[in-house]
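Remarks on the structure that follows.
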Amino acid sequence: MTRAPSRRAATPPPAPASLTLSSRNYSSWSLRGWLLVRFAGLSVTEVMVEPDDGGARRELLLLAPSIRVPCLRHEGTEVWDTLAIAEYLNELAPEAGLLPADRAARAHCRAICGEMHSGFSSLRSALPMNLKGDFPGFKVWARAQEDIDRVLEIWTDCLQRHGGPWLFGAQRSMADAMYAPVVTRLATYHVPVSVPCRRYMDTVLAMPELQAWIEAARLEPEEIEELDMEF
């Protein structure tokens, strides 16, 4: 008697990737995570946190002990720190060039991304991201100006070392995603910058991905009064 071949249970397909995001208008970390995913070419379902979510609001107002949005879920893996998302995507899609090929350039890229990730608190609080806003004549206080000066120093150094138009040369990297919200801040508050830095800002602002994000941000109905003040 011939036995029928046993059938193994089919392996279910992996769950589609998703990216949890907060306000497009105000959340600089959501923008960073979203750009990283786009740079890597990973298709994701976007999951928006409700505007009245207390945790998301505390993060936007810099009152939360840590940042849990954006959060990438991919094939059973959950990653919620923006730098961790960047490193995960670099392993997933190394051909995307999120990190430069040269070892020294990779170290430099990681260093300035880490500086953006952990520093510039005065810049964050004094010039919050607000893509709907426009504040000509905005007065930048001294400590925030120190942060801005350091950012411009980083950009100038990278552009001189690697030749532009992006921070690490001809290809976009995780550094461009990490500093993109600062580009929008300097544009929103009309902060004067050097010609090379202005050229870099124009390059970032012209990205189709960033243009799409800004367009979506302008359609968001909710506003957070604390972040819409004219200081």
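Determine whether region 5-17 contains at least one residue that is in contact with a helix residue (DSSP H, G or I) (Cβ under 6 Å, 6 or more places away or on another chain), at pLDDT 60 or above and surrounded by 11 or more Cβ atoms within 10 Å (Cβ to Cβ). Lay out the reasoning, then the answer.
Filtering region 5-17 down to residues in contact with a helix residue (DSSP H, G or I) (Cβ under 6 Å, 6 or more places away or on another chain) leaves none.
Within region 5-17, none of the residues are in contact with a helix residue (DSSP H, G or I) (Cβ under 6 Å, 6 or more places away or on another chain), at pLDDT 60 or above and surrounded by 11 or more Cβ atoms within 10 Å (Cβ to Cβ).
Please name all residue pairs, on different chains or six or more residues apart, with Cβ atoms under 8 Å, provided the first residue is in region 123-150 and is under 26 Å from Pro221 (Cα atoms) and the second residue is acidic (Asp, Glu) and buried (at least 20 other Cβ atoms within 10 Å of the Cβ).
Leu123/Asp147
Mind checking whether some residue in region 146-167 is closer than 23 Å to Ala107 by Cβ, in contact with a Lys or Arg (Cβ under 7 Å, 6 or more places away or on another chain), not hydroxyl-bearing (Ser, Thr, Tyr) and not in a helix (DSSP H, G or I)?
Yes, some residue in region 146-167 is closer than 23 Å to Ala107 by Cβ, in contact with a Lys or Arg (Cβ under 7 Å, 6 or more places away or on another chain), not hydroxyl-bearing (Ser, Thr, Tyr) and not in a helix (DSSP H, G or I).
So in region 81-110, with the set limited to residues that are in contact (Cβ under 8 Å) with a residue 24 or more places away in the chain and not in a helix (DSSP H, G or I), which one is nearest to Ser28 (Cα to Cα)?
Leu98
Just the residues that are at pLDDT 95 or above and among the hydrophobic types (A, V, I, L, M, F, W, C), please, taken from region 30-59.
Scanning region 30-59 gives Leu31, Trp34, Leu35, Leu36, Val37, Phe39, Ala40, Leu42, Val44.
So, of the residues in region 184-220 that are of a type in the set (Lys, Arg) and surrounded by fewer than 20 Cβ atoms within 10 Å (Cβ to Cβ), which turns out to be farthest from Val151 (Cα to Cα)?
Arg218
Residues Pro181, Pro128, Pro165: which one is in contact with a helix residue (DSSP H, G or I) (Cβ under 6 Å, 6 or more places away or on another chain) and surrounded by fewer than 20 Cβ atoms within 10 Å (Cβ to Cβ)?
Testing whether each residue is in contact with a helix residue (DSSP H, G or I) (Cβ under 6 Å, 6 or more places away or on another chain) and surrounded by fewer than 20 Cβ atoms within 10 Å (Cβ to Cβ) leaves just Pro165.
The values are calculated or read from the model by the stated rules, or taken from the named source; none is laboratory data. Computed from a prediction, not measured in an experiment: that's the story for all the values here. Please note: Cβ atoms are built from the backbone with ideal geometry, for glycine as well, and neighbour counts cover all protein chains shown.
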